[in-house]
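Read through the structure below, which is laid out as C-alpha cells, and then see the notes.
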Amino acid sequence: MRTGVKPGKIGAMVSALGAAIVRGEIAPGTTLPPEHELEARYGAGRSVVREAVKTLAAKGLVSVRPRHGTQVRAVHDWTLLDRDVLGWMRTGDGLDRDLLIALEETRAIIEPAAAALAAERATPEDCERIAAALAAMEAGRHDPRAAIAADKQFHLAILDATHNPVLGSFRGAIDAILSAVFDVAVGVFAGNLPNHAAVAEAIAAKDAAGARRAMQSVLGYTHGHLLADGRTLPPETKKPTLIPGETS
C-alpha cells in the first residue's frame with residue numbers, strides 16, 4: 001500500500017466497486033471507466049483508485065492490461081471463497097440457493113477427510129481446543145452470534161488439528177464458507193450439537209473412520225436444512241424442516 005493512502009478510503013471504494021460488479025451493475029467483459037472518471041464518481045484520489053483496482057484484481061473480479069484498461073472478469077474467474085466477494089453476493093434474502101449448495105458440497109469434500117486426519121494426528125492440546133469450542137457451542141445455543149463464533153472455532157480447530165500445511169492454507173476459505181452457511185443454518189444449530197459432539201469424541205478416541213462419519217452427519221444435517229429452508233427454495237417446493245427422529 002502506498003504511503004499516505006488511508007486504508008478506510010481504499011476499503012470504501014473496494015466495497016462500492018466490488019459490490020457493483022458482483023451484483024451485475026457492471027457486467028463481465030465491461031471495461032471500467034478511466035481513472036479520472038472513477039476518481040470523480042467515487043470521490044477518491046488517484047492513489048485510492050489504483051489501490052482499490054489492485055485489490056479487486058487480487059480477488060479475481062477485474063484484470064488490468066496495459067493499453068487495454070481494466071476489464072471485469074467472468075464469474076468463473078472470481079475468488080468465490082473470499083469473504084468480501086461472498087458478502088457482496090449476499091442480498092436481502094441471503095446468498096443464492098445454488099451457491100449455498102455449492103459451498104456445502106465443497107465442505108463435504110474437505111471436512112470429513114480433515115476430521116479423519118485430525119483423529120490420527122490431533123495432540124492433546126488440539127483435542128482441548130476442539131472440546132472448548134464444543135462447550136462454547138453448547139453454552140451459546142440460544143445466542144446466534146455466540147453460536148456462530150463457537151461453531152466456526154470448532155471446525156477451524158479440527159482443520160488445525162490435521163497439522164497439514166496445505167489444508168491449513170484453506171483456513172481462510174473455510175472460515176468464509178462457514179460464515180456464509182451459518183447465517184442460514186443457525187436456526188437449527190441446537191439440533192446439530194449431538195453430531196458435533198460425536199466428531200469431537202471420535203477425534204479424541206483417534207477413531208478416524210468414526211470422525212469421518214460423524215462429520216458427514218454434521219454436514220448432512222446442515223445440507224438438509226438448506227434444502228428445506230424457505231429462503232433457499234422457491235415457495236412451491238418449500239418443505240418443513242425435520243428434526244431427527246421425525247418423519248415427513
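What follows is calculated from the coordinates using simple rules that are stated; it is not laboratory data. The structure displayed is predicted, hence computed values, not measured ones. Please note: Cβ atoms are built from the backbone with ideal geometry, for glycine as well, and neighbour counts cover all protein chains shown.
Observations
- The angle between the Cα long axis of helix 171-185 and the longest principal axis of the Cα atoms of the chain comes to about 70 degrees, rounded to the nearest 10.
- Convex hull per residue volume in Å³, alpha carbons only, for region 7-77: 78 Å³
- Residue 75/residue 101 FRET efficiency (R0 25 Å; Cβ-Cβ; nearest 0.05): 0.95
- The chain: angle of helix 208-228 to the longest principal axis, Cα-based, in degrees nearest 10: 60 degrees
- Label sites at residue 12 and residue 183, each approximated as a point 7 angstrom past Cα along Cα to Cβ, lie 2.3 nm apart.
- About the Cα centre, charge dipole magnitude for the chain (Lys/Arg +1, Asp/Glu -1 at Cβ), debye: 940 debye
- By average C-beta atoms within 10 angstrom, highest first, the peptides 79-86, 193-200: 193-200, 79-86
- Extension gain, residue 110-residue 67: 0.36 nm per intervening residue step, less the Cα-Cα distance, totals 11.3 nm.
- Of all aspartates and glutamates in the structure, those lying under 13 Å Cα to Cα from residue 9, and not within fewer than 8 positions of it along the same chain, are 39, 51.
- Degrees, to the nearest 10: 97-121 long Cα axis against longest axis of the chain: 50 degrees
- For region 90-237, the fraction of C-alpha pairs farther apart than 21 angstrom is 39 percent.
- Principal axis extents of the C-alpha atoms in the chain (largest first, rounded to whole Å): 61, 47, 29.
- Reported to the nearest whole Å, the Cα centre-to-centre distance from region 28-45 to region 122-136 is 49.
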